[in-house]
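**Q** Got a structure for you, written out below as structure tokens; questions coming shortly.
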Amino acid sequence: MIKEYMTNDHRECDNLYAPLEDAISRGDWDEALSLYMPFKEAMLRHFAMEEEVLFPEMEKFMGGGEGPIHVMKMEHSQIRSIIEQMGEAINDKNSQKALGLGETFMILTQQHNMKEEQVLYTMAEQLPFEKGEILEKMKEVKV
Ligand SMILES: [Fe+2]
Ligand SMILES: [Fe+2]
């Protein structure tokens with residue numbers, strides 16, 4: 001159920017990104033600005049659910065260090081930085097830059113999400129921890 005909830009949340013984040021990209025390519029900057037904030041918030045909240053709740057719980061069993069969770073966190077910070085730069089490009093009404101960053105965002109995020117859905121979340125489902133409780137804690141995360 002963690003896997004299902006988080007996979008679904010990936011889709012919801014994608015669904016917030018698609019109309020933003022559309023607004024940028026149309027040069028509709030008011031629309032782009034108003035779509036950017038909810039998109040960014042959804043992404044940051046998703047990352048926080050993983051970094052503040054799910055990953056620390058998993059690390060209790062898998063250990064920290066240089067493993068797959070470390071890689072996921074590094075990718076989060078890469079993606080966060082791209083999202084920030086996209087916000088700046090939107091503020092500057094620079095469509096070429098915003099669309100270029102958007103493309104990088106999509107590629108990184110698709111690859112990242114695929115690894116989580118196929119590996120990390122699957123591992124989480126197999127660990128002997130209280131999944132229901134962890135999922136509730138994840139749902140309470142705010143950014
Ligand atoms: Fe992630
Ligand atoms: Fe994720």
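**Q** Tell me, what % of the accessible area of the chain is carbon and sulfur with a 1.4 angstrom probe?
**A** Result for the chain: 51 percent of the exposed heavy-atom area is carbon or sulfur.
**Q** Leaving out ligands and nucleic acids, and using a 1.4 Å probe, what accessible area per residue does the range 2-139 come to in Å²?
**A** Using a 1.4 Å probe on heavy atoms only, each residue of the range 2-139 averages 51 Å².
**Q** Roughly what angle does helix 29-48 make with the longest principal axis of the chain, taking Cα atoms, 0 to 90 degrees, to the nearest 10?
**A** 10 degrees
**Q** Can you compute the charge dipole magnitude of the range 2-139 about its Cα centre, using +1 on each Lys and Arg Cβ and -1 on each Asp and Glu Cβ, nothing else charged? Give it in debye, rounded to the nearest 20. Write out the running numbers ahead of the final one.
**A** Numbers: 14 positive and 27 negative charges, 29 e Å.
Roughly 140 debye, rounded to the nearest 20.
**Q** Using only the alpha-carbon atoms, how far is helix 95-115 inclined from the longest principal axis of the chain? Give it as 0 to 90 degrees, nearest 10.
**A** Compared with the principal axis, the helix lies near 20 degrees.
**Q** Determine the calculated [θ] at 222 nm for the chain from helices alone, applying -39500 (n - 2.57) to every DSSP H run no shorter than 4 residues and normalising by the residue count; nearest 500 deg cm²/dmol.
**A** After summing the helix terms and dividing by residue count, I get -26000 deg cm²/dmol.
**Q** Please work out how much accessible surface residue 107 shows to a 1.4 Å probe, ignoring ligands, DNA and RNA, in Å² rounded to 10.
**A** The value for residue 107 is about 90 Å².
**Q** Also, I was wondering about something else. Roughly how tilted is helix 2-26, in degrees to the nearest 10 and between 0 and 90, from the longest Cα axis of the chain?
**A** With both axes taken from Cα atoms, the answer is about 10 degrees.
The values are calculated or read from the model by the stated rules, or taken from the named source; none is laboratory data. Since this is a predicted model, take the numbers as computed values, not measurements. Please note: Cβ atoms are built from the backbone with ideal geometry, for glycine as well, and neighbour counts cover all protein chains shown. The protein model used for the area step is the full one, side chains on, heavy atoms only, and it has no ligands, DNA or RNA in it. Shrake-Rupley method; radii C 1.70, N 1.55, O 1.52, S 1.80 Å.
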